[in-house]
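Visitor: This is the structure, below, for whatever I ask next.
The values are calculated or read from the model by the stated rules, or taken from the named source; none is laboratory data. Because the structure is predicted, anything quoted here is derived from the model rather than measured. Backbone-built Cβ (ideal geometry, glycine too); neighbour counts: all protein chains shown.
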Amino acid sequence: MTASMPRRERYALIGTGHRAQMYLDALRGDHVDVAELVAWSDTNSGRLDFYEAEFVAAGAPVPLRFAPDDLERAIRDERIDRVIVTSPDFAHAELISRSLLAGADVVVEKPITLTADGLRRIASAIEESGHSVVTTFNYPYSPRNPAPRELI
């Protein structure tokens with residue numbers, strides 16, 4: 001890496017269901033110069049197998065697999081800067097909090113959490129860790145959403 005090249009941020013992704021596709025495409029495509037997916041996890045190994053085959057076919061490096069229980073170790077050992085959480089909504093508060101406290105910033109697909117207790121847990125982890133959370137809401141960009149406006 002030369003002095004003029006920015007450091008590539010190191011990402012982990014947890015949850016490889018449908019919500020993950022946009023992030024995976026970006027990390028091995030348009031944003032490969034500034035971001036690197038180095039680790040991923042899902043309780044469904046079949047999903048990881050599917051995406052791994054896509055990465056191999058595209059000639060992209062295959063991320064390290066880790067078990068959800070090993071999230072903190074993966075963040076530490078792989079020097080993760082940011083964790084992308086695209087798991088089922090009920091798991092968001094736990095995964096976000098654990099990621100923050102392990103030393104990573106978090107990007108999470110909405111909703112950030114489902115309960116007030118979950119939100120308090122995340123807020124406490126932000127305060128304790130000094131790390132940040134970005135909540136995305138990508139569904140408004142679905143091609144079908146402007147259709148009613150166009151009809152009117």
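Visitor: In region 33-46, what count of residues is obtained for those that are touching a Phe, Trp or Tyr at 6+ places or on another chain (Cβ under 6 Å) and either part of a helix (DSSP H, G or I) or in contact (Cβ under 8 Å) with a residue 40 or more places away in the chain (or both)?
Guide: Number satisfying all stated conditions: 1.
Condition check ((1) free of Cβ contacts under 8 Å to residues at least 12 places away in the same chain; (2) in a strand (DSSP E or B); (3) exposed (fewer than 12 other Cβ atoms within 10 Å of the Cβ)) across all residues:
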{"position": "Tyr23", "(1), (2), (3)": "no, no, no"}
{"position": "His31", "(1), (2), (3)": "yes, no, no"}
{"position": "Leu48", "(1), (2), (3)": "no, no, no"}
{"position": "Gly59", "(1), (2), (3)": "yes, no, yes"}
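Visitor: Cβ-Cβ below 7 Å, separation at least six or inter-chain, first residue in region 62-87 and within 17 Å of Tyr51 (Cβ to Cβ), second among the aromatic types (Phe, Trp, Tyr) and assigned to a loop (DSSP other than H, G, I, E, B): which pairs?
Guide: Ala74/Phe66
Visitor: Is there any pair with a first residue in region 115-128 that is of a type in the set (Asp, Glu) and a second that is modelled with pLDDT of 95 or more whose Cβ atoms are under 9 Å apart and which are 6 or more apart or on different chains, and what are they?
Guide: Asp117/Ala93; Glu128/Leu100; Glu128/Leu101
Visitor: Could you please give the count of residues in region 78-129 that are part of a loop (DSSP other than H, G, I, E, B) and touching a strand residue (DSSP E or B) at 6+ places or on another chain (Cβ under 8 Å)? Please lay out each step first, then the result.
Guide: Looking only at region 78-129, we keep the residues that are part of a loop (DSSP other than H, G, I, E, B), and these are 78-81, 86-88, 103-104, 110-115.
With touching a strand residue (DSSP E or B) at 6+ places or on another chain (Cβ under 8 Å) added as a condition, the list becomes 78-81, 86-87, 104, 110-112.
Adding up the residues that qualify gives 10.
Visitor: Which condition breaks for Val83 when tested against (1) more than 19 Å from Gly17 (Cα to Cα); (2) modelled with pLDDT of 95 or more?
Guide: (1)
Visitor: Oh, and also: Taking region 102-117 as the search range and keeping residues that are surrounded by fewer than 17 Cβ atoms within 10 Å (Cβ to Cβ) and of a type outside the set (Gly, Ala, Ser), which one is farthest from Tyr23 (Cα to Cα)? Step through it out loud before you land on a result.
Guide: Our first condition is that a residue be surrounded by fewer than 17 Cβ atoms within 10 Å (Cβ to Cβ); within region 102-117, this holds for 103, 110-111, 114-117.
With of a type outside the set (Gly, Ala, Ser) added as a condition, the list becomes 110-111, 114-115, 117.
Values: Lys110: 14, Pro111: 16, Leu114: 22, Thr115: 25, Asp117: 28 Å.
Looking at residues that are surrounded by fewer than 17 Cβ atoms within 10 Å (Cβ to Cβ) and of a type outside the set (Gly, Ala, Ser), I get Asp117.
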